[in-house]
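Asker: Before we start, here is the structure in question, set down as structure tokens.
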Amino acid sequence: MTDPTPSNSTSSDHNQLPSFNLTGKIALVTGASRGIGEAIARLLAHHGAHVIVSSRKQEASQAVADQICKAGGSAEAFACHIGEMEQIAATFKHIRERHGKLHILVNNAATNPYFGHILDTDLNAFQKTVDVNIRGYFFMSVEGAKLMRESGGGSIINVASVNGIIPGGMQGIYSITKAAVISMTKSFAKECAGLNIRVNALLPGATDTKFASALVKNETVLKRVLAHVPMNRVAVPMEMAGAVLYLASDASSYTTGTELAVDGGYLTA
Ligand SMILES: NC(=O)c1ccc[n+]([C@@H]2O[C@H](COP(=O)([O-])OP(=O)(O)OC[C@H]3O[C@@H](n4cnc5c(N)ncnc54)[C@H](OP(=O)(O)O)[C@@H]3O)[C@@H](O)[C@H]2O)c1
């Protein structure tokens, strides 16, 4: 067993009123040009972090960064397709050169290109889903954790899904990758705890975003989904962000390797 107290903190440091203050922290949020990622970026910035807003599109990311700055926060945009290894390398080169440190990484960008029976999954859809949702999260975490190790520690939050626990119908390969993200979270948490890096997963339930539009905008499908949600409604993106703020901040200083479901009670069903 490793020493339970990370080298740069003592148990008395943690015996304070929990703080959600992120002033002085550098945070990278992927998939932050809209939806859940945008809400997370806005909330982390509101609590004092400098947020690097990232998605595949520079312009869309810049628009969110500009809004954050207009609201009095601190942000910049940097485009990164997390399914492209060289773009991951370029992102961390940029962060290293510009900031020299990273405290918070939110792996939120994911893809779900195929909706259909698992037996009809074609290789392209399989590969794309695995490259983005598993390889992307994995190497973003590797590069992020290396920088956090140099910065004295940090917090990684992986946005998985309730589908990682109960597979979504007709969403086989997507659900499989989300289960892998939950497993990946535990592996990184175990091996990085001694580096003062905490790693946790957020498991959103159905949330009203572009990603879930096929589900949320179709009344028949929505009714079927809500039949399994005790709170009988879908979430809005900002309802995911509060959970990420908790996991990113010192308020969760003894939390690592866990799955936090924010799902209106779906997993109790
Ligand atoms: N909405 C739900 O009901 C729900 C439920 C469970 C889990 N989730 C998870 O929540 C996360 C966010 O989903 P969302 O609902 O907020 O989706 P969304 O509104 O469609 O936003 C997705 C974001 O990811 C970016 N993106 C897509 N592919 C990317 C890639 N390969 N590399 C980098 N950025 C990429 C998009 O911007 P660009 O197009 O500019 O790249 C956008 O900013 C995902 O991990 C998803 O699996 C969502």
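The values are calculated or read from the model by the stated rules, or taken from the named source; none is laboratory data. The structure displayed is predicted, hence computed values, not measured ones. Using ideal geometry, Cβ is built from the backbone for each residue, glycine included, and neighbour counts are taken over all protein chains shown. Just so you know, the surface numbers come from the protein's heavy atoms only, side chains and all, with ligands and any DNA or RNA stripped out. Shrake-Rupley method; radii C 1.70, N 1.55, O 1.52, S 1.80 Å.
Asker: State the number of residues belonging to segment 197-228 that are out of contact with any strand residue (DSSP E or B) (no Cβ under 8 Å at 6 or more places or on another chain), away from the ligand (no atom under 11 Å from the Cβ) and either within 30 Å of ALA27 (Cβ to Cβ) or free of Cβ contacts under 8 Å to residues at least 40 places away in the same chain (or both).
Answerer: Number of matching residues: 10.
Asker: Please go through segment 27-85 and pick out each residue that is outside any loop (DSSP other than H, G, I, E, B) and on the phi > 0 side of the Ramachandran plot. I'd like the intermediate steps shown before the answer.
Answerer: Just the residues of segment 27-85 that are outside any loop (DSSP other than H, G, I, E, B), to begin with: 27-29, 35-46, 50-53, 58-70, 74-77, 85.
Scanning segment 27-85 gives a single hit, GLY35.
Asker: Another question about this same structure. Any idea how many residues of segment 94-113 are buried (at least 23 other Cβ atoms within 10 Å of the Cβ) and touching a strand residue (DSSP E or B) at 6+ places or on another chain (Cβ under 8 Å)? Outline the logic, then answer.
Answerer: Taking segment 94-113 first, the residues buried (at least 23 other Cβ atoms within 10 Å of the Cβ) are 102-110.
Filter again for touching a strand residue (DSSP E or B) at 6+ places or on another chain (Cβ under 8 Å), leaving 102-108, 110.
Residues in segment 94-113 being buried (at least 23 other Cβ atoms within 10 Å of the Cβ) and touching a strand residue (DSSP E or B) at 6+ places or on another chain (Cβ under 8 Å): 8 in total.
Asker: Those residues that are in a loop (DSSP other than H, G, I, E, B), within 12 Å of the ligand (Cβ to nearest atom) and surrounded by fewer than 18 Cβ atoms within 10 Å (Cβ to Cβ), I need them from segment 229-269; list them, please.
Answerer: Within segment 229-269, the first condition is being in a loop (DSSP other than H, G, I, E, B), and the residues that meet it are 229-234, 236-237, 249, 253-258, 263-265, 269.
The next check asks that each one be within 12 Å of the ligand (Cβ to nearest atom); those that pass are 229, 234, 236-237, 263-264.
Matches in segment 229-269: VAL236 only.
Asker: Mind checking which residues of segment 126-165 are crowded, with 24+ Cβ neighbours inside 10 Å, among the small types (Gly, Ala, Ser), more than 9 Å from the ligand (Cβ to nearest atom) and part of a helix (DSSP H, G or I)?
Answerer: Within segment 126-165, GLY144 is the sole residue that qualifies.
Asker: Please go through (1) open to solvent by less than 50 Å² (accessible area, probe 1.4 Å); (2) in contact with a helix residue (DSSP H, G or I) (Cβ under 8 Å, 6 or more places away or on another chain); (3) away from the ligand (no atom under 15 Å from the Cβ) for GLY116 and return the number of the only condition it doesn't satisfy.
Answerer: (2)
Asker: Right, something else. Could you tell me which residue of segment 21-44 is farthest from PHE139 (Cα to Cα), considering only residues that are open to solvent by 10 Å² or more (accessible area, probe 1.4 Å), more than 8 Å from the ligand (Cβ to nearest atom) and hydrophobic (A, V, I, L, M, F, W, C)?
Answerer: To start, the set of residues in segment 21-44 that are open to solvent by 10 Å² or more (accessible area, probe 1.4 Å) comprises 21, 23-26, 31, 33-36, 38, 42-43.
Those still in the list that are more than 8 Å from the ligand (Cβ to nearest atom) too: 21, 23-26, 42-43.
From what is left, the residues that are hydrophobic (A, V, I, L, M, F, W, C) are 26, 43.
Values: ILE26: 19, LEU43: 25 Å.
Top of the filtered list is LEU43.
Asker: Does ASP120 satisfy the condition of being without any contact (Cβ under 8 Å) to a residue 12 or more places away in the chain and of a type outside the set (Ser, Thr, Tyr)?
Answerer: Numbers: without any contact (Cβ under 8 Å) to a residue 12 or more places away in the chain: yes; of a type outside the set (Ser, Thr, Tyr): yes.
Against the criterion (without any contact (Cβ under 8 Å) to a residue 12 or more places away in the chain and of a type outside the set (Ser, Thr, Tyr)), ASP120 qualifies.
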